[in-house]
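K.L.:
Dropping the structure in here first, questions after.
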């Protein structure tokens with residue numbers, strides 16, 4: 001909900017997405033500290049996921065230089081709708 005909120009405040013879509021990543025990062029670091037204290041962290045899996053995330057974080061801004069704001073909004077909307085539909089489908093088959 002951070003991205004829609006920032007868009008409502010008049011931020012450009014690329015700035016809103018980038019800013020939301022900072023927010024997510026801060027929350028994730030806080031959560032990591034709490035969960036690691038009680039032993040709820042699979043460090044091997046987390047490290048592999050982090051490496052993929054780091055690669056994506058470096059590629060993303062580079063690719064955004066070649067995508068218009070309008071096309072980025074379409075891609076972002078498609079991903080959000082697709083994720084929502086997938087989650088809905090998963091919840092229905094697990095009943």
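K.L.:
What is the angle, in °, between the Cα long axis of helix 13-37 and the longest principal axis of the Cα atoms in the chain? Nearest 10 is fine, range 0 to 90.
P.N.:
With both axes taken from Cα atoms, the answer is about 10 degrees.
K.L.:
Go ahead and estimate [θ] at 222 nm for the chain from helices alone: -39,500 (n - 2.57) per DSSP H run with n ≥ 4, summed, over the residue count, rounded to 500.
P.N.:
-28500 deg cm²/dmol
K.L.:
Rounded, prolate or oblate for the range 2-67? Axes are the square roots of the Cα gyration tensor eigenvalues, ordered a ≥ b ≥ c, and the cut-off for rounded is a/c under 1.5.
P.N.:
Judged from the Cα gyration tensor, the range 2-67 comes out oblate (a/c at least 1.5, b/c at or above a/b).
K.L.:
Nearest 10 degrees, 0 to 90: what angle lies between the long axis of helix 43-64 and the longest principal axis of the chain (Cα atoms)?
P.N.:
10 degrees
K.L.:
Full extension from residue 19 to residue 65: what is 0.36 nm times the residue separation minus their Cα-Cα distance, to one decimal in nm?
P.N.:
14.9 nm
K.L.:
Next up: Just to confirm the number: angle between the C-alpha axis of helix 69-93 and the first principal axis of the chain, 0 to 90 degrees, nearest 10?
P.N.:
40 degrees
Readers should treat all values here as calculations from the given coordinates under stated rules, not as data from a laboratory. All values derive from a computational prediction rather than experimental measurement.
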